[in-house]
Amino acid sequence: MKKLDEDLRSVESRLNEKKAIEKKYTSMIEELTLENDMTYQDLTKISRKKEEVLVQHDIMKLEIKKIRETLTSTTNNVYSLENKKNQLEMSMQ
C-alpha cells in the first residue's frame, strides 16, 4: 500500500510538472500568435502605404510627361513663329 501511495504521488508530481510545462507552452503559443497577428497587421499597413506611394509616383510621372509634352509643343510653336517672323522680315527687305 505504501509503495502504491509513493507511486501515486510520483505520478501526480510528474503530471503536475507536465501540466506546468503545457501551461508554459500554451502561454508561449498565445504570445507568438498575438505577435504574429500584430506583425501581419503591420505588414498589411506597410503594403498599403507602399501601394499608395507607387500610385503617387506613377501619377507624378504622368504629370511630368504631360508637362514635357506641353513644353515641347510650346517650344516647337515658338520656333515656328520665330521662323515665320524671320521669313517675313526677309521677304520685307
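In the chain, helical runs assigned H by DSSP with n ≥ 4 each contribute -39500 (n - 2.57); averaged across all residues and rounded to the nearest 500, the mean residue ellipticity at 222 nm is -37500 deg cm²/dmol. To the nearest ten degrees, helix 2-92 and the longest principal axis of the Cα atoms of the chain are 0 degrees apart.
In the list [x] 13.1; [y] 8.8; [z] 7.6, the label attached to mean projected area of the Cα convex hull in nm² as derived from the coordinates here is [z].
Bear in mind that the values in this text are calculations on the coordinates, not laboratory data. The model shown is predicted, which means the values in this text are computed figures rather than measured ones.
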